[in-house]
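I have placed the structure first, in the form of structure tokens, so that the comments after it can refer back to it.
The values are calculated or read from the model by the stated rules, or taken from the named source; none is laboratory data. Since the model is a prediction, treat every value here as computed from it, not as a measurement. When we count neighbours, we look across all protein chains shown, and the Cβ atoms used for this are built from the backbone with ideal geometry, even at glycine. What goes into the accessible areas is simple: the full protein's heavy atoms, side chains included, and nothing from ligands, DNA or RNA. Shrake-Rupley method; radii C 1.70, N 1.55, O 1.52, S 1.80 Å.
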Amino acid sequence: MNAFDLDEMAAQLDALDGSRLRRRRRVVQQVDGPRMVVDGESLLAFCSNDYLGLAQHPDLVAAAQRAAQQYGVGATASPLVCGHTEAHDALERELAAFVGLPAALSFYAGFAANVGLLPALVGRGDALFCDALNHACLIDGARLSGAQIAVYPHGDLAALGERLAASAAERKLVVTDAVFSMDGDLAPLPDLLALCERHDAWLLVDDAHGFGVLGPGGRGSAAHFGLQSTRLVYMATLGKAAGVAGAFVAGDATLIDWLLQRIRSYIFATAMPAMQAEALRESLRVMQREPQRREHVLALVRRLREGLAGLPWANPPSATPIQPLMLGGNAQALAMAAALRRRGLWVPAIRPPTVPAGSARLRITLSAAHTADEVDRLLAALHEIAAEGPP
């Protein structure tokens with residue numbers, strides 16, 4: 001394609017239409033937990049990552065309002081200039097304590113954290129070992145690092161061990177999602193850490209979908225497995241179970257101080273607003289005083305999986321709020337999503353390049369804001385569609 005050739009762009013958009021791969025946004029006009037008004041239509045949504053139902057929690061809203069009165073609505077500068085307030089400082093200390101690590105560094109967004117974190121940890125002459133199903137932000141961060149990248153088949157410890165043993169790089173880093181965002185399965189973190197210790201490598205864990213849900217008190221996937229190691233670099237996002245936005249990296253205090261000097265997406269970006277930091281501080285408090293939210297969403301996971309068992313579409317193993325229903329083709333996934341929408345349910349069809357070709361699916365996500373009756377409503381609709389035949 002020639003530079004800025006609009007006709008060619010239009011042709012490529014038409015090609016995306018033909019492959020059922022063109023993305024279009026819907027306008028959400030009103031939100032009441034999972035109950036939304038979308039393009040003027042009232043829908044029950046199973047597409048949000050608000051796993052604990054905290055995004056509209058009145059205590060978080062009140063904390064943000066108080067902070068807006070004190071600090072305003074913008075941080076105005078990089079954290080290293082004048083954007084690091086006492087709210088940010090307290091948040092980082094509380095995040096580190098929550099996940100049981102010595103220190104933490106906060107970011108305005110998860111994607112920004114990872115595209116800056118990987119190049120800060122490794123560079124030319126170093127080696128990165130990446131799970132084949134890692135999130136796009138880890139893939140982009142790996143490419144930006146300039147390190148040699150070895151991609152191992154999803155969850156394949158033997159293949160990873162062979163690649164680590166064959167590497168002559170002085171610095172080696174294994175990178176993995178903790179909970180994989182499209183499948184909901186959990187990485188074998190203890191085995192990965194053991195391989196890192198055996199081969200003198202570090203382990204970077206992106207716990208975007210485990211933080212707040214897994215582990216004692218929702219303290220994340222590392223806590224779920226009881227991992228403790230100075231080789232562990234722990235990253236998690238704060239716009240999912242925490243209900244707000246942003247991200248953090250936690251680990252040894254020396255490591256965090258070193259990263260503060262090196263991560264370009266931290267040094268050269270405006271800090272998250274202080275009102276966001278205060279909302280996140282309140283989120284951590286709510287997680288600790290309302291453990292029933294986590295218990296409820298995990299009970300809904302079990303209820304949903306039991307109900308999906310009799311359907312003709314595969315539901316791969318996942319003990320998390322991410323529950324894929326495999327359809328295969330793009331057209332089939334879109335047709336299923338449309339059939340559910342006609343019944344007042346919003347479940348997104350996930351297609352390539354987000355997932356591998358031939359593995360299009362519905363990505364059902366559950367929230368503590370859902371009721372058991374609402375999960376049963378989704379199950380009834382799916383069984384009805386299955387009885388009618390493929391949509």
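Taking all protein chains together and a 1.4 Å probe, the residues ARG93, ARG343, ARG143 rank ARG143, ARG93, ARG343 from largest to smallest accessible area. Approximating the spin labels as points 7 Å out from Cα along Cα→Cβ, the GLU384-to-LEU80 distance works out to 5.7 nm. The candidates ILE350, ILE263, arranged from most to least accessible area with a 1.4 Å probe in the full protein assembly, appear as ILE350, ILE263. Compute the Cα gyration tensor for the stretch 1-152, then decide on rounded, prolate or oblate, letting a ≥ b ≥ c be the square roots of its eigenvalues: rounded whenever a/c is under 1.5, prolate when a/b is larger than b/c in the other cases, and oblate in all that remain. Oblate is the answer for the stretch 1-152, as a/c is 1.5 or above yet b/c matches or exceeds a/b. When a 1.4 Å probe is rolled over the protein heavy atoms, the share of accessible surface on the stretch 234-319 that falls to carbon and sulfur comes to 52 percent.
Can you work out D for the chain in µm² s⁻¹ from Stokes-Einstein, where Rh is the Kirkwood radius over C-alpha pairs, the temperature is 10 °C and the viscosity is 1.306 mPa s?
Values: Rh = 22.1 Å.
The calculation lands on 72 µm²/s.
With all protein chains in place and ligands, DNA and RNA left out, the 1.4 Å accessible area ranks CYS82, CYS47, CYS137 as CYS82, CYS47, CYS137, largest first. Within the assembled protein chains, the solvent-accessible surface assigned to PHE111 is about 90 Å², based on a 1.4 Å probe.
Over the chain, what is the percentage of antiparallel beta bridges among all DSSP beta bridges, to the nearest 5?
55 percent
Using unit Cβ charges (K, R positive; D, E negative) and no other charged atoms, how large, in debye to the nearest 20, is the dipole of the chain about its Cα centre?
Computed about the Cα centre, the dipole is about 320 debye.
In the full protein context, the stretch 182-293 carries 36 Å² of accessible surface per residue, based on a 1.4 Å probe and ignoring ligands, DNA and RNA.
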